[in-house]
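Below is one structure, written out as structure tokens; the observations come after it.
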Amino acid sequence: MRTPLALFLFALAACSLPAQSRMPLPVQRWDPETLASMATLPVQEGGRIKPLSSYAAHMLYLVHGRRDMKLDTDGDKKSDITLTPTEWLMAVWFQPDAAADFPLFRIENVDVLDAIGVAHDAGQRFDFEYVTYRQLVQATPDGVQPVDTLWELAGNYSKKKPEMQAPVEAHIIRTNIGVDAYGGLFTMLSQMHAPFDVQGELPNRAFAGKTTTDFAEVVRHGGQLAQIVRQYRNNTSDPALGNSMLLASVLTEVAQRRSTLGLFPPSAGKADAPTWATLPALVEGVLRGKQDAQQLEVLSMLQAAISAEEPQARSAALRSFRNAVVASATMRGEYAKVELENYYLAASWHYQALHYFVIAIMVVALGWLSPRSKWLWLTGLVATSVPLCMLIADVVLRCVVRGRPPILNLYDTFLFIASIGVLAAIVTEVITRRRVAISLAPLFGALLVALARAFEVESGEDQMAPLQAVLDTNYYLATHVTSINMGYAAGMFASFLGTAWLWLNAVGFRRDDAVFHKGVVRATYGVTAFGLIFAVFGTIYGGVWANDSWGRFWGWDPKENGALLICIAQVALLHARMSGLVRDLGFCLGAAMIGIVVAFSWFHVNLLGIGLHAYGFSSATKVALFNYYYVQTGLAALGFVGVLWQRSRVAAVAPSIRSSTAAS
Amino acid sequence: MTAIVTPSAPSYAPSPVPSKSPRNPLLRVVGLLASMKLTVVILLFFGLLTFVGTLAQKTLGLFLVQRDYFESFLVRHDTGIELHGLGLEYLEGLKLRIPLPGGYLLMLLLFANLMVGGVARLKWRWRNFGILVTHLGMALLLVAGFVKLHYSYAGHVALYEGAQTSTMVSFHDFELALLRQDGTDLVERTMPADELARAADGAVTIDDSKLPFVLVIDHWYENCAPEQKGPMFDAPTPVVTDPSGAAVYLRPRELAKEREQNQAGCYASVKDRATGQESRAVLWGADMRPFEERRAPFTFQSGGQTWGLDLRRVTWDLPFAVRLEKFQKTDHPGTMTPADFRSTVSVLDDNSEQRVEIYMNHPLRREGHVLFQTSWGPNPESGMRGPPFYSVFEVASNPSDDWPKWASYVILFGLVFHFVQKLTRYLGSSSHSAKAAEIV
């Protein structure tokens, strides 16, 4: 909930930002050494220690909806520099005036701009536009700040159920979340940018005769200021007070801010003091007489970096600040995986894999030019195996950074399922050698990795967040969760194979080659059976976990039901095939449709907002899910109709063949 | 030239069943139960039921869906489709309901189908070994579910730090306890809620010659709340004057989505055999939490003794006592996200005292009972902060507690065995080598 303090902060920010038209942006680029150094600055946020680059990345997803920030610094309306998340965050903290003009908040509907009172070019743009923070805090002619209107509207619309919200209303709520988060970032270090006057006898005595000082010094003397305020609270007109009250009120205001970013490690050990101080917590501690000398020292180093006027001096001071934090974190045993996580983010192996999957798609497509060529077939296998290895490296790195099995959240499932699906496809291809599995593998991998990236940006959350108490068991995470996701992977890939069989037959591909088509059916059958093993074991073992956690094996929770649906669908399909109820066409149609059952279990049950696995999602996830249902149903239905059409054509041709044979 | 590809039956399909059905009706039933096509039909219905049962939870809640969909023989699923507008004006306001077989019926059929077709009539050959093992594992799982449904009970124990108990309280079920002070002992006689439920549409009379009074229970409600009768409105149920002189009645409520939120209630009339004096009271099964005051039972005098009537959640004796020594909740640093809930308890029986920790995913299993860490308090949202904390343990007694785990191992073994067996056979088959020939 927004407090009067937050309103005050926005107003404060607005006052400090003079009106400015869109001009070239004077962004100071940091030297690579400082940037690299700051990327590995350990911070505590969301219950864990992480590199600053990780925090910056998910803040940028949340605020900007992108993984980087493109800027036009010379005014030619073309982006000419791209800031990494860390560089963007440093601009926000250390060059707030320039950062206020960054095109930041993505608005896809001009009605949103009209609603909050931001001027724009007439007419609905085809795509979207970005609004700067300055535009939001700059008062309109009638004296209202768009950011306030945005807050008020979002508050009103949030009272509606998500399904009752109009698209513009949902957009306003979403924008407000980003703007609110950015407001917190923007003002986090704002008090450290300006010097403070020291006036009056008592302040001069406290500050050893200094007439100006900085924020870190004010904090350092916070205890004395609090003492003065308490002593003189009934005599505030005493001239000896000078501006003590003002200085104390600055500290009080900072102490009341919301912040979740721990920047200052305690001097005590991790066991005694697990929580790092945020700036407000540090100030509050000082005001309450609980000073931590080490934290104050780190604050002074940060102040030195902000106050430095020369870029080189600022960089040097910033590195000193970072090194001090690293030294403290290392002593507490909290730095061990920070650099590895930063490497993981920078290397982005899954993103590299995405590129190579796209190349592999082209390589396997080329292979169809000479279907019997072993070399082209092998090249396709290798081309798909390379990104698979990258993807596995990505998954393994995540495991090492977190010290956990591969899947802890929905984001992880994309990468894991992509890896297992592609691996299953390669094994299937090596066994069947029909080129179909290998042709689908890179497509499957690329699609899931692209979805993972979209999901990560859309959620705007830390995808390495620590586990809730109930999930804190490596044993069940490694058995039940891994197994059920292997079932998802195989079910999804079998759906791809089944759809492929339908379309290959629908378009009459290799119409004469019954062995080829039978091979694809066998591959679909094999992958479905493989998936069933893991789906069944994973589902039952989920019940075993529930029995250890909640005292009941099966509770008909939507997630449990979703997993059960996959098992039922696959068992029914295999039994239908064995009993002769369905043949190749029915089997492949069923396998294709099981993809929808898998998607329902994988994601949709969480959207229902009921049960023990209701995580809540944005509308984008829901839209994507329904789009998949429509596309998959359409593909299967069209394929099915196409196969029937082909068969009717064959049936029509057959009598004439028979009659001509008889005539001869 | 166009080749004609005729779809063929899979080579691994079972041999066709002779079309001539046996004359013996029993054999025909066995034949039907053994049918793999029946398996498919059951599974399709089960899938449909699971799907609609999942969606129905959004409106009905888990408890009702569990009872009406998955533990029943027949389901009338409300599709939510209004019939008006279809030219059937006389049906306006009616919603389209479709009948479906309930989960209980389907699981019984599946078990029968599994045992007859998947075990007894399956050809016991080496090649079917994996399937046989899998089917036996599935049967064990279904039996475990049956035993759990009929022979298990669950409740909770809520304790403040330092407190001790040897009883557990049901989450959902109520009972009526008749209490009598016998010297220093309190003698109890209980009547379960399913007998009381007969009073929903009539009355349940307890006319026992050993008792000096006749007890009549009427107006049983699964969920209700007592309210004071005001002068400006009529009460929907009988009004009773309580000992303080206030006129009270029970206002029925709709069943809550979460079953444990239901508070049962009823009216009790006591008629003394000797004097013919009659007294009437409202009984209400208000919840008992550690932070709430315990309800006082309705008391009356009869036969020279003081008697009490208490409508309460069912309580069971535990074969041991539990004392909460300490409760700890740890959050992830700098957040409100819980990282750990942990209770240190002492388990006491006649001969020993053992100190153990109960925390998430690490329950205490002892003498047929399992204690799980399930909740704690005081809840900061209710305005109560800081110690002393109370800790709530779910307690389950389920004879088939470990069976699903063993079933999962059996099924996994069976499925893997069968898959590897089939894969090996396929790799060695001529059809596989023919395929391999495509890539030269």
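None of the figures in this text is laboratory data; all of them are computed from the coordinates on show. This one's a predicted model, so the numbers in the text were calculated from it and none came from an experiment. Cβ coordinates were reconstructed from backbone atoms using ideal geometry, including for glycine residues, and neighbour counts include every protein chain displayed.
Worth a mention:
- Estimated vicinal HN-Hα couplings, Hz - the range A:59-66 in sequence order (Karplus 6.51, -1.76, 1.60; Gly, Pro = x): 5, 5, 4, 5, 7, 9, x, 9
- Within 10 Å of the Cβ of each residue in B:401-408, the mean number of Cβ atoms contributed by other protein chains is 5.
- Dipole orientation for the protein assembly as shown: of the candidates A:Ala494, B:Ala286, A:His171, A:Ala494 has the Cα lying most toward the positive pole (charges on Cβ; Lys, Arg +1; Asp, Glu -1).
- For B:Lys229, the residues 5 or more places off, or on other chains, whose built amide H falls under 5 Å of its own are B:Ala247, B:Val248, B:Tyr249.
- Burial ordering of A:Phe105, A:Phe128, fewest other beta-carbon atoms within 10 Å first: A:Phe128, A:Phe105
- Per-residue ellipticity at 222 nm computed for chain A from its helices equals -21000 deg cm²/dmol, with DSSP H segments shorter than 4 residues left out and the rest contributing -39,500 (n - 2.57).
- Percent of Cα pairs exceeding the 22 Å cut-off, where the set is the range A:479-649: 47
- Rg followed by Dmax, in Å, when the range A:344-480 is reduced to its Cα trace: 16.3, 55
- Rounded to the nearest 20 debye, the dipole size of the protein assembly as shown about its Cα centre is 4900 debye, using +1 on the Cβ of Lys and Arg and -1 on the Cβ of Asp and Glu.
- Rounded to whole Å, the principal axis extents of the Cα atoms in the range A:196-307 read 46, 30, 22, largest first.
- log₁₀ of I(q)/I(0) at q = 0.18, 0.21, 0.26 Å⁻¹ - the range A:512-584, Debye sum with one point per alpha carbon: -0.75, -0.90, -1.12
- Rounded, prolate or oblate (a/c below 1.5 giving rounded, otherwise prolate when a/b exceeds b/c) for the range A:334-388 by Cα gyration tensor: prolate
- Remark: C-alpha extents of the protein assembly as shown on the principal axes read 114, 107, 69 Å, sorted largest to smallest.
- Test item: B:409-415 mean partner chain Cβ contacts at 10 Å: 4
- Inter-label distance for B:Ala225 and A:Leu607, nm, one decimal - labels placed 7 Å from Cα along Cα-to-Cβ: 3.6
- Peptides ranked, highest mean first, by Cβ atoms within 10 Å: ranges A:433-439, A:75-81: A:433-439, A:75-81
- Label positions at B:Met232 and B:Asp349, each projected 7 Å from the Cα along the C-beta direction, are separated by 6.2 nm.
- Amide H contacts under 5 Å for A:Leu83, placed H, 5+ residues apart: A:Met69, A:Lys70, A:Leu71
- Rounded to the nearest whole Hz, the Karplus-based 3J(HN,Hα) values (6.51 cos²θ - 1.76 cosθ + 1.60, θ = phi - 60°) of the range B:193-205 follow the sequence 5, 5, 6, 5, 4, 5, 7, 5, 10, x, 8, 10, 10, with x at glycine and proline.
- Per residue of peptide A:562-571, the mean number of Cβ atoms on other chains within 10 Å of the residue Cβ is 4.
- Anisotropy class of the range B:89-186 from Cα gyration tensor, a/c 1.5 cut: oblate
- Alpha-carbon centroid distance for the pair the range B:195-228 / the range B:22-39, whole angstrom: 48
- By the count of other C-beta atoms within 10 Å, a proxy for reagent exposure, B:Ile131, A:Ile49 are ordered fewest to most as B:Ile131, A:Ile49.
- HN-Hα J in Hz across the range B:363-377 - Karplus 6.51, -1.76, 1.60, θ = phi - 60°, x for Gly and Pro: x, 9, 9, 7, 6, x, 10, 10, 10, 10, 6, 10, 7, 7, x
- B:Arg121 long-range amide H proximity, modeled H, under 5 Å: none
- Note on A:Leu378 and A:Lys210: the model spin-label points, each 7 Å out from Cα along the C-beta direction, lie 7.3 nm apart.
- Amide N proximity, the range B:306-336 versus B:Thr275 label position 7 Å along Cα-to-Cβ, cut-off under 14 Å: B:306-307
- Exposure proxy ranking, count of Cβ atoms within 10 Å, fewest first, for A:Leu113, A:Leu263, A:Leu354: A:Leu113, A:Leu354, A:Leu263
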